[in-house]
Each structure stands twice: as C-alpha cells, then as structure tokens.
Amino acid sequence: MSSEAVVRKSNVIQLQDESELREPLEVKGQTAGNAGKTSPVVVIYFWADWAEQCKQVESVIDDLAKKYTKTQFFKVEAENFEDISEAYEISAVPTVILAQKAKIVGRIDGANIAEIVKKVAEACAAANGIKSEPASAVEPAEFQQDLNTRLKGLIERAPVMVFIKGTAAQPRCGFSKKIVGMLNEQNIKYGYFDILTDEQVRQGLKEYSDWPTYPQLYISGELVGGVDIVAEMIESGDLIGMVPAEAVAK
C-alpha cells in the first residue's frame with residue numbers, strides 16, 4: 001500500500017486547504033439514504049509551532065484518533081488559516097473545537113487534557129460504537145502527567161517568573177497589570193505564563209505553592225507572593241536584592 005493511500009485513509013488530517021474541512025461540516029439535504037441519521041461530530045485542533053503546550057495536546061489528539069477511528073480529527077495551524085480561526089473565535093492556542101454541521105457543540109481552550117478527553121468521549125463514543133464511560137474511566141493512563149514536575153519546570157523557566165492572567169503586553173486583570181508594571185519599573189527581566197491558557201496549571205499551581213490567588217511571583221524557583229507583598233518588598237528595597245544579577249536590565 002502506498003504512503004499516499006495511508007494518508008488518505010487516516011482519520012487525522014493536517015489541514016492544507018479550507019475545502020478539506022468545509023466538506024464534512026456541510027449541511028446536506030435529507031435523502032432516503034441519510035434519513036434519521038445524526039451528522040457526525042468533527043474534532044478541530046488549532047495549534048501553532050511556537051506554543052509549547054501544543055505538543056502535549058497534539059499527542060492527546062493522535063491517541064484519541066486511534067480510539068475513535070470513525071471520527072475525523074483536523075489539525076489546523078491557526079496562523080495559516082486566519083479565516084477559519086476567526087470563524088471559531090480562536091484567540092489562543094491550543095484550542096479544540098467539536099463541530100457538528102455548522103454548530104459548535106464543544107470547546108476546550110488551553111491544554112486541559114482531562115477536559116479534552118472527556119468532551120471527545122461524550123461527543124464521539126456512540127458514533128464509534130463505544131459505550132459511554134464515566135469521565136474517570138475514559139481518560140487513558142498515558143494522558144496523565146506528573147503535574148508537579150511540569151509546574152516546577154515552568155517556575156524555573158526564568159530566574160524571575162510571574163504567573164498572570166493574560167500576557168505581559170496585554171494583562172487581562174488589574175492585579176496582573178499592576179505586578180507587570182512594578183517589575184518593569186524596577187528594570188527586572190522576567191518570564192511569564194498566562195494561566196488563562198491552561199486550566200491544569202491554573203488550578204494545580206494553587207496547591208503546589210499553597211497560594212490561592214494570582215498573580216504569583218517566583219524568584220530563583222521560590223515563591224515571593226502576590227501584588228501586595230511585591231509592592232511592600234519594592235518599597236523596602238528587599239525585592240531587588242533577591243533578584244539574580246542576570247535578571248536586572250542594565
């Protein structure tokens with residue numbers, strides 16, 4: 001069998017042309033052959049090669065496609081298909097859309113693996129002849145991740161790391177905007193993570209750090225605190241003394 005034939009028979013499609021996605025989502029007229037049939041759900045995964053979280057989600061999509069072989073899974077590079085991304089209101093990647101005809105029946109923003117597995121199972125199990133299972137049972141063991149190890153890696157990604165809502169350029173809450181402004185005023189170089197893009201990190205970091213709110217500032221892998229503590233430490237001069245020399249702009 002040629003490699004071309006294998007690609008054509010796969011239920012995972014790396015989108016090359018908009019028409020490939022348009023066809024399975026078209027609302028077809030009812031005929032004697034399709035009367036009473038429910039239109040299949042299509043899974044659309046939006047990604048970008050610069051987004052580290054997409055690697056994890058892509059692996060999950062591939063594994064789900066092996067389980068739900070009668071369901072089509074489309075991989076759409078968001079920045080290369082702006083019209084499709086705009087139509088589905090994609091503002092960040094990874095995002096997984098479950099579509100049926102012209103209707104969105106499910107949406108998962110960020111690398112929320114458990115939710116992706118759950119939503120796909122709910123939408124696609126019946127069409128694949130698979131009995132519906134409790135969410136805890138349908139999540140394969142290989143999808144489980146050592147979250148603490150991942151959180152530790154994120155915290156240590158930069159000497160100064162802040163977990164905020166939004167980005168450093170466009171914070172999405174007043175407290176996040178304030179802490180970014182304070183770090184900039186102190187000429188501190190920092191990395192950041194947008195917790196709105198990943199519910200696992202958002203919830204997991206609260207337990208990991210035993211700190212219930214955001215933003216959270218870390219220096220050299222250690223939690224400093226939130227806005228009020230950072231403001232107090234700046235006023236006392238203690239904060240700049242904690243920052244490694246390489247993280248202070250000259």
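The values are calculated or read from the model by the stated rules, or taken from the named source; none is laboratory data. Everything numeric in this text was worked out from a predicted model, so none of it was measured. Heads up, the Cβs are rebuilt from the backbone with ideal geometry, glycines too, and the neighbour counts pull from every protein chain shown. Surface accessibility is based on the protein's heavy atoms, side chains included, excluding ligands, DNA and RNA. Shrake-Rupley method; radii C 1.70, N 1.55, O 1.52, S 1.80 Å.
Accessible surface for the chain, divided over its residues, is 56 Å² per residue with a 1.4 Å probe. For region 34-113, lysine pairs with C-alpha atoms less than 23 angstrom apart, excluding pairs fewer than eight positions apart on the same chain, total 15. With Cα atoms defining each centre, region 57-99 and region 194-231 are spaced 29 Å apart in the structure.
Here the chain carries DSSP beta bridges of which approximately 60% are antiparallel, counting only pairs with both residues inside. For region 74-115, the calculated P(r) over all alpha carbon pairs, in 10 Å bins from 0 to the bin holding the longest distance, is 27, 60, 13 percent. Spin-label model, Trp211 to Lys66: label points 7 Å out along the Cα-to-beta-carbon direction sit 3.9 nm apart. Cα convex hull, region 58-130: 89 Å³ per residue, rounded to a whole number.
Check cross-link reach from Lys119 to the aspartates and glutamates: straight Cα distance under 13 Å, and skip same-chain residues fewer than eight apart. Once the sequence-local aspartates and glutamates are set aside, what remains near Lys119 is Asp109, Glu133, Glu139. Stokes-Einstein D for region 139-242 at 10 °C, 1.306 mPa s, Kirkwood Rh over Cα pairs, in µm²/s? The diffusion coefficient I find is 113 µm²/s. Among the protein heavy atoms of the chain, carbon and sulfur supply 48% of the accessible surface, probe 1.4 Å, non-protein parts ignored.
Paramagnetic label reach from Ile240 (point 7 Å along Cα→Cβ; backbone nitrogen cut-off under 13 Å): within region 156-193, residues 183-189. Between Ser10 and Lys103, what is the FRET efficiency for a Förster distance of 25 Å, r being their Cβ-Cβ separation, to the nearest 0.05? Computed FRET efficiency for Ser10 and Lys103 comes out at 0.50. Applying both filters, DSSP loop and at most 14 other Cβ atoms within 10 Å, to the GluC sites (Glu not before Pro) of region 50-137 gives Glu52, Glu89. In plain terms, the C-alpha convex hull of the chain casts an average shadow of 17.2 nm² when viewed from every direction. Between Ala126 and Glu185, the simple label model (points 7 Å from Cα in the Cβ direction) yields a spacing of 5.7 nm. The Cα atoms of region 191-249 cover 34, 23, 16 Å along the three principal axes, with the biggest extent listed first. Going by alpha carbons, how many degrees (0 to 90, nearest 10) lie between the helix axis of 53-67 and the longest principal axis of the chain? Long axis of 53-67 versus the principal axis of the chain: about 30 degrees.
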